[in-house]
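Novice: Quick one: the structure is below, questions incoming.
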Amino acid sequence: MEKNKMLGTVQEIDGTNYFLDKNGRLIPESAIDEVDRRRHNTVIRNVKKMYKLHKELEKLKAYVLDSVEKFEEFSRKKHKVIGGKKGYLTLHDYSKQYKIEIDVKPYIALNESFSHAVEKIENCIQRWNQDAHESPYTQYIQEILKEALNLEAGNVSHARLLSLRKLKIDDPEWKEAMNLLDKGREVVDSKRSARLYKKNEKTGEMEHLSLNFSNV
């Protein structure tokens with residue numbers, strides 16, 4: 001029962017244990033079915049171990065990135081490179097049996113130019129549909145818009161819309177929309193992550209050892 005108390009799911013009041021329910025109410029242990037108590041204890045017991053491992057992964061990720069950054073700084077000084085941008089990096093051990101990849105994931109923000117671009121694209125489609133000579137790209141563009149603006153799923157894909165730039169459409173409003181698409185994307189932050197690989201002795205291929213650092 002002590003493990004439950006440490007996670008704040010059980011409180012002891014005047015010698016009686018109370019379980020916290022989903023509505024924030026304290027329910028006396030005697031009023032809870034044995035199956036519910038065992039289920040609760042099983043979840044809490046495993047959550048505690050998993051949470052501890054999660055915190056250890058956070059520390060390990062910080063250690064790996066810090067040690068790689070120190071090596072990068074050493075290498076820059078050795079080669080007399082001033083400054084330098086932290087980007088994608090691959091490091092091998094001397095035997096080439098192990099590999100660490102450092103990846104950089106940019107965080108993209110979409111500003112008002114993106115919304116303006118979408119409006120102009122929709123205006124173009126509407127205008128072309130009214131014209132006697134409909135653009136051969138209209139259906140394709142509508143499909144891209146639907147995929148890129150999957151609002152029901154909460155997804156907006158700027159990259160998917162950018163694929164429209166390859167279309168050669170001689171229309172002033174369309175060209176304005178493409179220019180706005182370029183302006184509608186801003187890199188506001190970035191996050192470094194690390195991946196570990198080990199060479200398979202039988203196949204000779206580098207195999208990814210998953211630690212899922214990108215989500216830690």
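No lab work stands behind these numbers, since they all come straight from the coordinates. All values reported here derive from a predicted model rather than from experimental measurement. Positions of Cβ are generated from backbone atoms using ideal geometry, with glycine treated the same way; all protein chains shown enter the neighbour counts.
Novice: Note down the magnitude of the dipole of the range 112-183 about its Cα centre, charges +1 on Lys and Arg C-beta and -1 on Asp and Glu C-beta and zero elsewhere, to the nearest 20 debye.
Specialist: 260
Novice: Related question: Order of Trp128, Trp174 from fewest to most other C-beta atoms within 10 Å?
Specialist: Ascending number of Cβ neighbours within 10 Å: Trp128, Trp174.
Novice: State which stretch of the chain is the longest one without any exposed GluC sites (Glu not before Pro), exposure meaning a DSSP loop state and at most 15 other Cβ atoms within 10 Å.
Specialist: Of all site-free stretches, the longest is 1-133.
Novice: Additional query: Exposed loop sites here are trypsin sites (Lys or Arg not before Pro) in DSSP loop states with at most 16 other C-beta atoms within 10 Å. What is the longest stretch of the chain lacking them?
Specialist: Answer - 97-167.
Novice: To the nearest 0.05, how large is the calculated FRET efficiency for Glu201 and Leu89 if R₀ is 30 Å and r is the Cβ-Cβ distance?
Specialist: Plugging the Cβ-Cβ distance into 1/(1 + (r/R0)^6) gives 0.70.
Novice: Name the residue farthest towards the positive end of the dipole of the chain from the options Tyr140, Leu26, Ile125, assuming +1 on Cβ of Lys and Arg, -1 on Cβ of Asp and Glu, about the Cα centre.
Specialist: Leu26
Novice: Additional query: Given Cβ point charges of +1 (Lys, Arg) and -1 (Asp, Glu) and nothing else, what value in debye, to the nearest 20, does the dipole of the chain about its Cα centre take?
Specialist: For this selection, approximately 1420 debye.
Novice: Gain in length, Tyr140 to Ser30, computed as 0.36 nm per residue apart minus the alpha-carbon separation, to one decimal in nm?
Specialist: Difference between extended and current length: 33.2 nm.
Novice: Too long at a 24 Å Cα-Cα cut-off: which of Lys55/Lys191; Lys59/Lys191; Lys120/Lys191?
Specialist: Lys120/Lys191
Novice: For Asn41 and Arg76, FRET efficiency with R0 = 41 Å and r from the beta-carbon atoms, rounded to 0.05?
Specialist: That gives a FRET efficiency of 0.20.
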